[in-house]
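Below is one structure, written out as structure tokens; comments come after it.
The values are calculated or read from the model by the stated rules, or taken from the named source; none is laboratory data. All values reported here derive from a predicted model rather than from experimental measurement. Counting neighbours? That spans all protein chains shown, and the Cβs are built from the backbone with ideal geometry, glycine included.
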Amino acid sequence: DTAVSQTPKYLVTQMGNDKSIKCEQNLGHDTMYWYKQDSKKFLKIMFSYNNKELIINETVPNRFSPKSPDKAHLNLHINSLELGDSAVYFCASSQVGSPLHFGNGTRLTVT
Amino acid sequence: GESVGLHLPTLSVQEGDNSIINCAYSNSASDYFIWYKQESGKGPQFIIDIRSNMDKRQGQRVTVLLNKTVKHLSLQIAATQPGDSAVYFCAETPNTNAGKSTFGDGTTLTVKP
């Protein structure tokens, strides 16, 4: 199936831990993104990569570090997790001039 | 049923009725607008888009209307079905790069059988 897939779907961890979320797209898109959706369903862009190059870096704590090994993959590593990091994180991809294709999200719960 | 005002968090309609979800956008430089549907446990999915050189675009059972004068966007769903129950987001973009979209707060549509 052509899609944006991200793993894991659920991630429960304790404060202070480091965790990673992986994302892959097989749509051939040049641009990939990470979005954060809070408990009120508000969606906010965090990062955007175009052909492995960072092009959007919103005001996000530097504990969050994206890594794009190739244009089909964009991973998100989070250091020293805090309670406020609990949210659903969505990976997405697109071509210029076309809508976003989202993965099904990773629900991160920090206890 | 219709959501009114800048946005309404929830809209409840009877199956078979038409639904209208409204969205006000803020950036007059936005020229590309997209509606997404998010079902429970899934990511947002593209429904329909419209560019600023148009004021109406129709899809299958959905129509998007754009009023640039008042910076207003609406999504009309004809003959609403239970499968239409979801959260609907409008997104505005300052150019055709959808990645720079700013998302609205979302409206939860509930369809009563």
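Per the listing A:Lys44, A:Lys71, the residue uniquely within 14 Å of chain B (Cβ to nearest Cβ), among the charged types (D, E, K, R) and buried (at least 16 other Cβ atoms within 10 Å of the Cβ) is A:Lys71.
What number of residues within region A:77-111 are under 15 Å from A:Ile21 (Cα atoms), more than 7 Å from chain B (Cβ to nearest Cβ) and either among the hydrophobic types (A, V, I, L, M, F, W, C) or outside any loop (DSSP other than H, G, I, E, B) (or both)?
Residues flagged as under 15 Å from A:Ile21 (Cα atoms), more than 7 Å from chain B (Cβ to nearest Cβ) and either among the hydrophobic types (A, V, I, L, M, F, W, C) or outside any loop (DSSP other than H, G, I, E, B) (or both) within region A:77-111 amount to 14.
Filtering A:Asp38, A:Asp1 for residues that are among the acidic types (Asp, Glu), surrounded by fewer than 19 Cβ atoms within 10 Å (Cβ to Cβ), modelled with pLDDT under 95 and closer than 24 Å to B:Ser30 by Cβ leaves a single hit, A:Asp38.
For region A:55-68, the candidate set comprises residues that are away from every other protein chain (no Cβ under 14 Å) and of a type in the set (D, E, K, R); within that set, the residue that is farthest from the chain's Cα centre (by Cα) is A:Arg63.
Among residues of region B:99-113 being of a type in the set (D, E, K, R) and within 14 Å of another protein chain (Cβ to nearest Cβ), the one that is nearest to B:Thr10 (Cα to Cα) is B:Asp105.
Across region B:53-98, the number of residues qualifying as surrounded by fewer than 17 Cβ atoms within 10 Å (Cβ to Cβ), within 14 Å of chain A (Cβ to nearest Cβ) and not hydroxyl-bearing (Ser, Thr, Tyr) comes to 5.
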